[in-house]
Amino acid sequence: MFEINTIQFSILLFAFSVWLLVVIKKGFRSLYTLYYFLNLTIFLGPILYYKIGFIAYYTVVSDNSISEFIYIGITIAILNILFVKTIGKSSNSLSSKAIQELAITYRPNQLINNYFNFIILFCIVYIVLFFKSLPLYKLILTGEIGERLDLTGAIPFYITVSSIFMILVPFSFFLF
């Protein structure tokens with residue numbers, strides 16, 4: 001079993017707290033808020049998972065990898081805070097102009113819309129069909145987190161479909 005350095009954890013928590021203040025100041029109705037919560041889930045979620053005491057993946061993760069992951073999360077939070085406070089503040093920045101130009105010239109066609117609608121519908125149907133096999137469902141019912149889905153085989157094509165969830169669903173969000 002590994003230990004998470006309390007100082008590193010505190011710095012990570014502080015960095016994401018400061019970043020949250022920046023997000024609150026910017027306003028919750030922006031796309032940037034979603035970006036913050038995605039990063040919060042990616043970089044703070046696993047560390048909290050281990051800090052609270054869950055040990056489902058402790059044989060795969062080493063102390064060095066946890067430490068590096070924390071440093072990456074801190075770096076991401078600090079860079080985003082600096083970006084919003086400096087470059088992102090100006091609506092005349094180069095990135096802002098490029099995004100506005102892309103929005104004007106690029107219009108998704110109906111085929112792309114139908115493709116992403118099909119992917120999202122497929123994901124929703126897949127979740128509904130195998131809802132009772134999901135660890136969150138088992139956690140709520142039994143209080144135990146359950147086995148890893150990639151090891152148990154309780155959900156068919158779990159790795160393939162989770163890859164679709166992680167790649168195509170966010171792409172569809174940014175398209176729409």
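What are the residue pairs meeting all of these: first residue in region 14-38, first residue assigned by the TED database to the domain that holds PHE83, second residue modelled with pLDDT under 85 and of a type in the set (Gly, Ala, Ser), Cβ atoms under 8 Å, and 6 or more apart or on different chains?
THR33/GLY27
So which residues in region 1-50 are over 14 Å from ASN80 (Cβ atoms), of a type in the set (S, T, N, Q) and in a helix (DSSP H, G or I), if there are any at all?
Correct list: THR6, GLN8, SER10, THR41.
Modelled with pLDDT of 80 or more, closer than 21 Å to TYR49 by Cβ and either assigned to a helix (DSSP H, G or I) or open to solvent by 60 Å² or more (accessible area, probe 1.4 Å) (or both): does that describe LEU141? Reasoning before the result, please.
On the way: modelled with pLDDT of 80 or more: yes; closer than 21 Å to TYR49 by Cβ: yes; either assigned to a helix (DSSP H, G or I) or open to solvent by 60 Å² or more (accessible area, probe 1.4 Å) (or both): yes.
Judged against the criteria, LEU141 is a match.
Taking interchain pairs and intrachain pairs at least six residues apart, which have beta carbon atoms under 8 angstrom, with the first residue in region 126-145 and closer than 25 Å to VAL169 by Cα and in the same structural domain as ILE159 (by the TED database) and the second of a type in the set (Val, Ile, Thr) and in a helix (DSSP H, G or I)?
TYR126/VAL161; LEU134/ILE127
Hey, ALA98 hits all of (1) modelled with pLDDT under 80; (2) open to solvent by 80 Å² or more (accessible area, probe 1.4 Å); (3) out of contact with any Pro (no Cβ under 9 Å at 6 or more places or on another chain) but one; which does it fall short on?
It is condition (2) that ALA98 fails.
The values are calculated or read from the model by the stated rules, or taken from the named source; none is laboratory data. All figures in this text were calculated on a predicted structure; none of them were measured in a lab. So basically every Cβ, Gly included, is an ideal-geometry build from the backbone, and we count neighbours across all protein chains shown. Heads up: the accessible areas ignore ligands, DNA and RNA and are worked out on the full protein's heavy atoms, side chains in. Shrake-Rupley method; radii C 1.70, N 1.55, O 1.52, S 1.80 Å.
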